[in-house]
Protein chains: 2
Amino acid sequence: MYTKKYLLSTLKEKPAQTKTISHQLMLRAGIIRMLSAGIYTWLPTGYRVIKKITKIIQKIMNEFGALEICLPLLQPKKFWDQSGRNKLYGAELIKIINRRKKQFVLSPTHEEVITYIMNYEINSYKQLPIIFYQIQKKFRDEKRPQFGIIRSVEFLMKDAYSFHINNKSLKKTYHEIFKIYLKIFNKLNLIFHVNIADATTMGGSISHEFNAIIPKKNQQKLLKNFNYIQTKEIKIFFICTKNTKNKYPYIALIINSEYQINIKKLKNISIINQPIKFLEIKKFFPKIGNNLNIKNILENKIYIIADTNVKKIPYFVIEKHKNLNSILWNQDIFFNNFLDISNINNDEIIINNNKNHSSEKKIEIGHIFQLNTKYSEMINKKIKNKTGKNTFMHMGCYGIGINRIIAAIIEQNHDHKGILWPSCIAPFQVFIIPIKINKSNLVKKYSKLLYKNLKNKNIETLFDNRSESFGKMFADMNLIGIPHGIIINLNSVKKKYIEYYSRVNNCTKKIKITKIIKFLQKTIK
Amino acid sequence: MYTKKYLLSTLKEKPAQTKTISHQLMLRAGIIRMLSAGIYTWLPTGYRVIKKITKIIQKIMNEFGALEICLPLLQPKKFWDQSGRNKLYGAELIKIINRRKKQFVLSPTHEEVITYIMNYEINSYKQLPIIFYQIQKKFRDEKRPQFGIIRSVEFLMKDAYSFHINNKSLKKTYHEIFKIYLKIFNKLNLIFHVNIADATTMGGSISHEFNAIIPKKNQQKLLKNFNYIQTKEIKIFFICTKNTKNKYPYIALIINSEYQINIKKLKNISIINQPIKFLEIKKFFPKIGNNLNIKNILENKIYIIADTNVKKIPYFVIEKHKNLNSILWNQDIFFNNFLDISNINNDEIIINNNKNHSSEKKIEIGHIFQLNTKYSEMINKKIKNKTGKNTFMHMGCYGIGINRIIAAIIEQNHDHKGILWPSCIAPFQVFIIPIKINKSNLVKKYSKLLYKNLKNKNIETLFDNRSESFGKMFADMNLIGIPHGIIINLNSVKKKYIEYYSRVNNCTKKIKITKIIKFLQKTIK
């Protein structure tokens, strides 16, 4: 793509009335534009990112066997009266009266509609379990739309609905989707927590929220330099055993996230090396092998000691950390070393506390619910089970906020120059800046040739052919957050070199012209 | 995909209150379900087809350089007051009042909104021409929703908007998009006409409609056995020259579609072979070489004679016919042999007449408009051109009705058993029916192995693993319209054969088990 035929729409200055980094950068990088409070247009750069995220989600959902469908956005209001959610949603529900005076609701979610539809399509327990999903706009008349697309009126959601013959089947699928969500958010490089959530607006019982963490202003680095792994429920510290030639050279200490480790209590545990030194995660993990997932690490190389209070926690998820994938507590790890190692009021180690999880510093990106029989009962839908007994269908629902994922990724990946997209969702993989292209045929020739070759290799490239200064062009490419750059100037071309720029490492490197394609293919991965 | 994990939702009986074949088959094949008048759910089979069509459109639009975006569905009503279209659309426009008493419109189209947005994003003639598109739902409060998704309230559209510094640039892009539309509709195997259309609701000047033809009940075959090519504007007949060793062995006769050829007048033309015999298209084209497009045929191998009245026609499009692509009159073909060969009242050849193009027998699938400066003037948007003069931006808009394309394809491609999807948009490429799978391990083994191999080759396959009779399974696969079938039964498997079924040719063929994958790869193309 040539910038002259593209709509960059970058803004140099910080826009007024923007309270969050993501909102500022989404406006500055030409990702969104506001049309009305809480209502946004997605410009070409933004929509390229949206398409990449939806593709990742669709691929994972399809592999799981979920069936993609498209439900109407206009829903007869009577369904919402029947479910009682018309009152519950109140003014947030957008209502429409058509020319024949029939009342409709503009969808904020689809539990009622899909239950009504499946009433006719599902007739036998043999069809169950079955799961449907769609990626479509949703609407909510927010009282105070704010933070850009984080709290907006019109937004893009992936919503899924599962149907089951009994609660056991629901719980099994719920658990599988729980893990699929971890897979999706990990794939998108998100740092997130999972919380047990309130299910009242949906009308179910068990529910979990997936919350992306918004780092504080100077916390960007901190997130990467923790000496423990933090989730909503727990923290894990790593220390050394006495004898490092041991089968387990390291020990993982797991405690409730609100508690603190009691050093005095640790001193009484014989296998721990004294004096106790907590290992820095960043330096620690590469030592025990990259590309290992935490499950392997914990099960194979590390001795685990958990505080007795940890027993009470039903679930926890370990957030993505460099090469580590998330795991599910009580499902992926099993152990029995529970010891008293914590102290709620102990302030010997204060690194983090629960305030970091207050409502201001997270973005809800996913939410899943076990709805049980609420909606089947609403329409009195029963089907025969294997034994011939009439029974209500059980149901689960599962949402992902696609727009919010983009905000969360930007909050977690940016610097003073702009956005730092993870490669898998960057709007373009490579930018090319030819310097003074109109003054040198050699620069023109090499830059166009490179562009053509990259295009043939299906590497998405933005070629900046504007008549702007290098500084302006370079600033724009950094602001948009294209991970890899190529700078072509006459001097280096004459010497058969071109300059490669890594956005994330903020450094340049000279590469032989003949080797640039292979270098990029290898670097982009 | 296994049918047991899929939602087939086929209906055996013709549904009540359905007036068109496409409506009936879309319900019977589990493609759509009505939620409310004119409001439909797209079930898994339907949504698979939608995704294929959108992918084809996106690919062609992207190659052209159009930029995909996503505009809000909720639009401030003030824009529609400003453009005067609030009154013009009247009761068809769905209106919403939000909790802060602000008035909105639920988008039927986006001319106002995109003009308003681009007012801020386009500041220089250097950014022009530029073209944006989106694929999103649209809404229209139809007075009488009917014919299934053909006249519906909520529907999927591809809408595109182009911006230009002057009318010349608009006309150039308009012409290019005209050709892109031919490419899209040809790719989708549609038989269609292009008509000059009324542009009042959009407020422009020049406009063209693309209308898919709905064949009459017994016209299905006729369409494929014409002895002429028919468009809204013209008909082309082919005859032989006197000396077939001539540089031009054939002659194309082009006349106005409403007129008839006057045989007596033809007799006076010396190069025409006597007695005059019109060549049957189906047999004729293969003779002069398959895979040639009509442009090449007309320009290279065929002498062209056009009736003098043809001069008056500004455009015409030759509909898709087997290996022939559409062409644009006065753009793709140039010639000067105009002779008087027609007779309006001559009934010597009566094959078709203009009644075939009445409103009942076509589906509008595309519509393009030259809007000129209407919307720029509405917001008083001027930009400086090359000479520094302030000038209003010119604009074009271009729609494709994606849901309607599906109805049109079904109208044009079906038989008494169900739908006959063109391969490129079929929900699945192949079905597998294993006969009595639970009674034979051999059948189970071969069918599952074949399914696995097809999956590995990325051939979309529906494996019917229901405990139904062969008749029921086969009828469902035919109804859904999967182009290629594999039937696996014990007897043939023992002999190392399996049965291949061609949906379009309605015939079976025995294929060696070892060769089936290669055979399918070759057959599907």
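The values are calculated or read from the model by the stated rules, or taken from the named source; none is laboratory data. Everything quoted here is computed from the prediction, not taken from an experiment. Note that each Cβ is placed from the backbone with ideal geometry, even for glycine, and that neighbours are counted across all protein chains shown. Ligands, DNA and RNA are stripped out before the accessible areas are found, and what is left, the full protein with its side chains, is counted by its heavy atoms. Shrake-Rupley method; radii C 1.70, N 1.55, O 1.52, S 1.80 Å.
Going by the structure shown, is residue B:74 more than 13 Å from every other protein chain (Cβ to nearest Cβ), over 28 Å from the mean Cα position of the chain (by Cα) and among the aliphatic types (A, V, I, L, M)?
No; evaluated as a whole, the condition is false for this residue.
Looking at region B:80-91, is at least one residue within 7 Å of chain A (Cβ to nearest Cβ) and free of Cβ contacts under 8 Å to residues at least 40 places away in the same chain?
The answer is no; no qualifying residue exists.
Consider only pairs whose beta carbons are under 7 Å apart and that are at least six residues apart or on different chains; among these, list those whose first residue lies in region A:164-180 and is under 12 Å from residue A:206 (Cα atoms) and whose second residue is open to solvent by 20 Å² or more (accessible area, probe 1.4 Å).
A:167/A:372; A:167/A:394; A:170/A:394
Could you list, in sequence order, all residues of region B:1-34 that are over 27 Å from residue B:400 (Cβ atoms) and either under 23 Å from the mean Cα position of the chain (by Cα) or more than 11 Å from chain A (Cβ to nearest Cβ) (or both)?
The answer is B:12, B:13, B:14, B:15, B:16, B:17.
Could you list, in sequence order, the residues of region A:123-156 that are more than 24 Å from residue B:156 (Cβ to Cβ), more than 8 Å from chain B (Cβ to nearest Cβ) and not hydroxyl-bearing (Ser, Thr, Tyr)?
Passing the criteria: A:123, A:128, A:129, A:142, A:144, A:145, A:146, A:147, A:148, A:150, A:151.
Please enumerate the residues belonging to region B:40-51 that are at the interface with another protein chain (Cβ under 7 Å from one of its Cβ atoms) and open to solvent by 20 Å² or more (accessible area, probe 1.4 Å).
Once the filter is applied, which keeps residues that are at the interface with another protein chain (Cβ under 7 Å from one of its Cβ atoms) and open to solvent by 20 Å² or more (accessible area, probe 1.4 Å), region B:40-51 yields only B:47.
Determine which single condition residue A:37 fails, assuming it passes every other condition in (1) within 11 Å of chain B (Cβ to nearest Cβ); (2) more than 13 Å from residue B:67 (Cα to Cα); (3) crowded, with 18+ Cβ neighbours inside 10 Å.
Among (1) within 11 Å of chain B (Cβ to nearest Cβ); (2) more than 13 Å from residue B:67 (Cα to Cα); (3) crowded, with 18+ Cβ neighbours inside 10 Å, residue A:37 violates only (3).
Could you please find all residues in region A:94-116 being at the interface with chain B (Cβ under 10 Å from one of its Cβ atoms) and not basic (Lys, Arg)?
A:94, A:96, A:97, A:98, A:104, A:106, A:110, A:113, A:114, A:116
Looking at A:265, A:224, A:282, A:245, which is the one that is at pLDDT below 80 and more than 35 Å from the chain's Cα centre (by Cα)?
Just a single option satisfies the conditions, and that option is A:245.
Could you please find all residues in region B:48-69 being farther than 16 Å from residue B:399 by Cβ, of a type outside the set (Asp, Glu) and over 17 Å from the mean Cα position of the chain (by Cα)?
Scanning region B:48-69 gives B:62, B:65, B:67.
Consider residue A:190 against the criteria (1) within 14 Å of chain B (Cβ to nearest Cβ); (2) closer than 25 Å to residue A:24 by Cβ: it satisfies all of them except one. Which criterion is unmet?
Here residue A:190 meets the rest and fails (1).
Does residue B:437 satisfy the condition of being in the same structural domain as residue B:463 (by TED's automatic domain parsing) and not polar (S, T, N, Q)?
Numbers: in the same structural domain as residue B:463 (by TED's automatic domain parsing): yes; not polar (S, T, N, Q): yes.
It is true that residue B:437 is in the same structural domain as residue B:463 (by TED's automatic domain parsing) and not polar (S, T, N, Q).
Residues in region A:248-262 that are open to solvent by 30 Å² or more (accessible area, probe 1.4 Å) and either modelled with pLDDT under 70 or polar (S, T, N, Q) (or both): how many?
Of the residues in that region, 1 qualify.
How many residues does region A:501-512 contain that are assigned to a strand (DSSP E or B) and farther than 19 Å from residue A:471 by Cβ?
Selection size over region A:501-512: 4.
Across region A:492-525, what is the total count of residues that are within 19 Å of residue A:423 (Cα to Cα), hydrophobic (A, V, I, L, M, F, W, C) and open to solvent by less than 10 Å² (accessible area, probe 1.4 Å)?
2
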